[in-house]
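The next block holds one structure in the form of structure tokens; read it before the comments.
The values are calculated or read from the model by the stated rules, or taken from the named source; none is laboratory data. Predicted model, so just to flag it, every value in this text is computed and none were measured. Don't worry about glycine lacking a Cβ; one is built from the backbone with ideal geometry, like all the others, and counts go over all protein chains shown. Areas reflect the complete protein model, heavy atoms only, side chains present, ligands, DNA and RNA absent. Shrake-Rupley method; radii C 1.70, N 1.55, O 1.52, S 1.80 Å.
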Amino acid sequence: GGGDGAAMADGDGLVSVDYEVHGKVQGVFFRKYTQGEAKRLGLVGWVQNTSHGTVQGQIQGPIARVRELQEWLKKIGSPQSRISRAEFSNEKKIQTLEHKEFQILK
């Protein structure tokens, strides 16, 4: 939190954001679809199932594309999924991508 007064209008800056998706999101190919959508948008990061029934991960890339995946995680997901809510945290500007690709972690 807390900005330094700089305009946040630069839509091509890179950001990193963590996410967790709640609902019926395990056993419905949610990770595979998330990876596919992220790759389509040119984003990097990871996705994994948690022990408490959610899906979590991190997204990195141009801010406008990250916003698109955030909307997808909130509203669409995989065809059989039922998303109750998606939470995003630890959003920060980054200079370079910290991941090579978008991976599904076990």
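Side notes on the structure shown:
- Average accessible surface for segment 18-104: 56 Å² per residue, computed with a 1.4 Å probe over protein heavy atoms with every protein chain in place.
- Longest site-free stretch - the chain; sites: GluC sites (Glu not before Pro), DSSP loop, at most 15 other Cβ within 10 Å: 1-97
- Per-residue ellipticity at 222 nm, computed for the chain from helices alone with -39500 (n - 2.57) per DSSP H run of at least four residues, works out to -7500 deg cm²/dmol.
- Gyration tensor verdict on segment 18-104 (Cα atoms; rounded if a/c is under 1.5, prolate if a/b is larger than b/c, oblate otherwise): prolate
- Phi-derived couplings, Karplus 6.51 cos²θ - 1.76 cosθ + 1.60 at θ = phi - 60°, listed residue by residue for segment 24-29: 8, 10, 10, x, 10, 6 Hz, with x used for Gly and Pro.
- The HN-Hα couplings worked out from phi for segment 92-106 by the Karplus form 6.51 cos²θ - 1.76 cosθ + 1.60 (θ = phi - 60°) are 8, 6, 10, 7, 9, 5, 9, 10, 8, 8, 9, 10, 9, 9, 7 Hz, whole numbers, x standing for Gly and Pro.
- Degrees separating the helix 30-41 axis from the principal Cα axis of the chain, which is the longest one: 30 degrees
- In the chain, the portion of solvent-accessible area held by carbon and sulfur atoms comes to 49 percent [1.4 Å probe, whole percent, DNA, RNA and ligands not counted].
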